[in-house]
1. State the number of residues belonging to segment B:216-260 that are of a type in the set (D, E, K, R), surrounded by fewer than 16 Cβ atoms within 10 Å (Cβ to Cβ) and at pLDDT below 85.
2. Out of the residues in segment B:52-99 that are polar (S, T, N, Q) and more than 11 Å from chain A (Cβ to nearest Cβ), which is nearest to B:Ala155 (Cα to Cα)?
3. If you check B:Ala148, B:Ala136, which single one turns out to be under 25 Å from B:Pro237 (Cβ atoms) and either of a type in the set (Lys, Arg) or surrounded by fewer than 23 Cβ atoms within 10 Å (Cβ to Cβ) (or both)?
4. Please note which strands (runs of 3 or more DSSP E) are completely contained in segment A:1-90 and include at least 2 residues that are closer than 20 Å to A:Glu177 by Cβ and within 14 Å of chain B (Cβ to nearest Cβ).
5. Does segment A:107-125 contain at least one residue that is surrounded by fewer than 16 Cβ atoms within 10 Å (Cβ to Cβ) and within 26 Å of B:Ala266 (Cβ to Cβ)?
6. Would you mind telling me which numbered condition in (1) under 14 Å from the mean Cα position of the chain (by Cα); (2) assigned to a loop (DSSP other than H, G, I, E, B); (3) under 20 Å from A:Leu2 (Cα atoms) A:Met182 fails?
7. Quick one: which residue in A:Met173, A:Met148 is out of contact with any helix residue (DSSP H, G or I) (no Cβ under 9 Å at 6 or more places or on another chain) and in contact (Cβ under 8 Å) with a residue 60 or more places away in the chain?
Amino acid sequence: MLKITNLNKAFGNKKVLENLNCNIKTNSIYGLIGANGAGKSTLLRIINDIYRRDSGDIEIDGIEIEDNEILKQKLVFIPDDLYFFPGYTLKDMAKFYESLYDNFDMKYLEELAGILKLDINSKVQNFSKGMKRQCALICAIATNADYMFFDETFDGLDPVIRNLIKKIIVKQMEKKETTIIMTSHNLRELEDICDNLGLLYKGGILFESDINSLKTNMFKVQISLKEDFDKETFNGLEIMSFKKTGSVATIIIKGDRELSEDYLNRLNPIILDFLPLTLEEVFIYEMEVLGYEFNQVI
Amino acid sequence: MNLTKLFSWKYLKENLKKSKGILLLICILVPVFTTLSVTFESGGPDIKRVANSVEISLINIFGMFFIPITISYVLFGYVFKKNSVDLINSMPLKRSTVFITNTIGGIILITLIQVVTAILLMIVSLVSKTIYIFPAMIFDMFLMMWLAYIFIFIASNIAMSVSGTFLTQCAVTLLILFLIPFCIASFNRFEENNKIIFTENDEIVSQYVYTPNYRTFTLPSSIIYNGFMSGDLAYLPKSLIRTALLSVVYIFIGLKLFEKRKMENAEESFESYKVHLIIKALTMVPMFVLVHYIKKMDGVSIILYTLIIFYYFAYDFIVKKKIPFKYSIPALCIITFSLIGICNVSDWIYDKLALEDSYMNINDIKEIGLDFGNTYGYYESDTLISYTSDKELINTLIEIEKNKKSGNDDAVLEHSILVSVRDKHNKEVSFHLNVGNDEINKIAEILDKGYINALKKDYTENGVISFNNIEISDKNVQKDIDDELKLVVNIMNAKQFIEFKEFYKEAFEKKIYINHMLISRLFPIDTSNEMLKLFADYQNKQTMKVLQNVSNDQLDSWYYGLSIENELINDKTSTFDSNYGNYYFSYYEGDVIKYIISSKDSDFDSTKNYYMIRGNYNHGRYFFDFYYLTNDIKQINEIVKKDMKKVKEENVEYYEKEGTEYTYDTIEEKDSNEI
């Protein structure tokens, strides 16, 4: 388990992370979203002991991370701006990882490179942006680290490769208990893979939840009643949003779907349609409840 | 602290592997170019000579300014790029492991460079038929350079720990290495603070201005301020110890700074603008110090201040790629006024302290060393000072000092002796003492009792002795040296050392490496005319062999000779010394030999003595060395006249340019005729 308590970090006078608290369960995929400059990369760098925090505690499996090379065997980090040694092939880079990670699996790397059709003997600098990211990702996965941190994971990957990478990540989690923490400023990239999502805003986790409850606890309804109605008509429900156009209202409801459906049916609706919500929409409404404009935070 | 955890061989191997190209280049640069430069210095296929410390370390000294910092950059350069910081610092390594591993890696590379250089020099010395390099000197130079490189590397690592870019790392490295030595040396040199004032009963007996001693700086500065390892200044034991100790301290400072380093500063100059400004201000200190003294000598220089202001803004532009005028201009005013103030106050304080430090009570002098070689114009840096605590000698020199003060300053002083004194507080200072014939005879009498014997002991007890610039066409260096030694030793055994006033007559020059110094010495031998003739015949036969085997264009660097024409030398020495500074002419050995070959080829007789004169300018005086001997005075007259005419023409031209008149015609004629 990764536990962050009252984490603070400033660059000069600019506070980047402020009293950040976060708990990430093991063997899960945690998606960290936030606008550019929200502090996602900084947070990952601090967890990986690249940057030093100003104050606060970070513990992984109950052990403090700072300058702890034994614990760092359990962590691997792939940044958004990748770096490969000049003139190195994928195999050279893999050997570099292998020399420092005790559990590095070279055969698995070769297998993954085969799946992704990457020539391990070609120089990485000649690869495309997406191929470079694939190289970095498979190097990281082959370390068999317990905690993997991927910053802007799918940046530059085409949809096919993106899905392939997602499958590889899931397979890794099946193979071995692994916790993945990945960031993105694009919610859609994370919604189909993450178990939990955290929204980073102004140096703190503004909102976090597991995706299943997010998606199942909130739904969109289009409804029309025989009599005239307004928001007050639905006082028995937790209404996140209410918009009425003509005689049809679009309502975002938070709560148990079956109970809500019973409640609405009792109102004898002329029209009652339950529509699926994208994760982005869920976030928009959650943000609105908290008093934020979604566009401001992402 | 678990030391095994501080070093990761796997990481070092990978870190070296990623830059193997540039590291290979760096590693071969110094060994290869040192070997080539020493080899090409030989001058000709048959010339045998002893290499000096400058020759064998010159490339190393140039390398000293960029190789250690390049190694530091190769090993630690990742800290200057954000993406490489992400890669390396996310790896399962402690920061201390990264620092210590890379530091050890750098030291291994530097050791490799220096060991290979030393081995190659030894091979050159063993294989070459023309060069002999003292193994002890190779070891000394290895030690000096090894430690100097390591020190610069470690200082670069400190600079890396606080800098965000390679440029700022270079700036901070230079500040760590040279800022304080530069300021101390500048105050010394420009203030003429290097005075030694001899006192007795609180009265000033005499005073001298001496060359300041910079041998306690750390090695990089000491090497620069002591003439790039020339002569006896090549070995700097105090600097070695200081550098070694500071290196250890700097490793710990670097380690702590690296552990605390804010990696997010990569690609920025420093952690904050304040630090940036402080470092920039420090880089301006040497400029203000220089301008301070230039101002004192020649008045205010607006151009220099303008250049400093230009530098101030250019620094920002180069390092930060922008000039923040809003902060820069007020900061410039503060820095300028602060540094001008600091220069003036430091100057005043230093002046006061230096004056207090310059007094030496003559009754406190416990040891004294004399170097008579200087009479011939040898640099003090090339000579060995043997100290003696002989009370009689010390008192005699004190008496000479006192008499000098009481009115002998204007007397014709024919001899210049380098005197080194050490007092009971171990304060040590060297200066030139100019004395007349009477005084030198008095000193010689005392020396004859023991001092020269002490010198003799120094030379004969120190193993290998080789000769400078031996030019014999035989193929085997060692055999030649052995032959020469046998001859000299025979002469020496037969006779005792001569008295000092005859010192130069039978002088013989050779080089030895003793007490970490390559010493060029005129070796006094007392011999009979028969022995001298025997020796001269031997020498001239060898010379003739050389002349027969070389072409004209090879002759410039040749010389070989022995002075035996007593009367001639005595006359010339006396005349030249009493008129020193009036004229100067120079013969190079090749000129003489060329002349002999071109004009008198058919008459050249190897059994006769040939003669050449070589002029040197040293410490404001002209000195003359005598090498080739001849019994053909007319021939010499022709050479001298020809050259003096040339010198006169050059002088006239020079003085005309200077707007003054050349007035030494009569002296020139007189000397020419005397020959």
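The values are calculated or read from the model by the stated rules, or taken from the named source; none is laboratory data. Computed from a prediction, not measured in an experiment: that's the story for all the values here. Cβ coordinates were reconstructed from backbone atoms using ideal geometry, including for glycine residues, and neighbour counts include every protein chain displayed.
1. Here is the first cut: in segment B:216-260, the ones of a type in the set (D, E, K, R) are B:232, B:238, B:242, B:256, B:259-260.
Those still in the list that are surrounded by fewer than 16 Cβ atoms within 10 Å (Cβ to Cβ) too: B:238, B:256, B:259-260.
Filter once more, keeping what is at pLDDT below 85: B:238.
Of the residues in segment B:216-260, 1 are of a type in the set (D, E, K, R), surrounded by fewer than 16 Cβ atoms within 10 Å (Cβ to Cβ) and at pLDDT below 85.
2. In the first step, residues of segment B:52-99 are kept if they are polar (S, T, N, Q); the result is B:52-53, B:57, B:60, B:70, B:72, B:83-84, B:89-90, B:96-97.
When the remaining residues are screened for being more than 11 Å from chain A (Cβ to nearest Cβ), the result is B:52-53, B:57, B:60, B:70, B:72.
Values: B:Asn52: 29, B:Ser53: 25, B:Ser57: 21, B:Asn60: 18, B:Thr70: 12, B:Ser72: 9 Å.
In this case the residue turns out to be B:Ser72.
3. Details: B:Ala148 fails: either of a type in the set (Lys, Arg) or surrounded by fewer than 23 Cβ atoms within 10 Å (Cβ to Cβ) (or both).
Just a single option satisfies the conditions, and that option is B:Ala136.
4. On the way: elements: A:2-11, A:14-24, A:29-33, A:55-60, A:75-78.
The strands (runs of 3 or more DSSP E) meeting that bar are A:75-78.
5. yes
6. Tallying (1) under 14 Å from the mean Cα position of the chain (by Cα); (2) assigned to a loop (DSSP other than H, G, I, E, B); (3) under 20 Å from A:Leu2 (Cα atoms), A:Met182 fails exactly one: (2).
7. On the way: A:Met148 fails: out of contact with any helix residue (DSSP H, G or I) (no Cβ under 9 Å at 6 or more places or on another chain).
Of the residues listed, the single one that is out of contact with any helix residue (DSSP H, G or I) (no Cβ under 9 Å at 6 or more places or on another chain) and in contact (Cβ under 8 Å) with a residue 60 or more places away in the chain is A:Met173.
Residues are listed down the side, and each one gets a yes or a no for (1) surrounded by 22 or more Cβ atoms within 10 Å (Cβ to Cβ); (2) on the phi > 0 side of the Ramachandran plot:
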| site | (1), (2) |
| --- | --- |
| A:Cys22 | no, no |
| A:Ser28 | no, no |
| A:Ala38 | yes, no |
| A:Arg45 | yes, no |
| A:Ile50 | yes, no |
| A:Gly56 | no, yes |
| A:Asp81 | no, no |
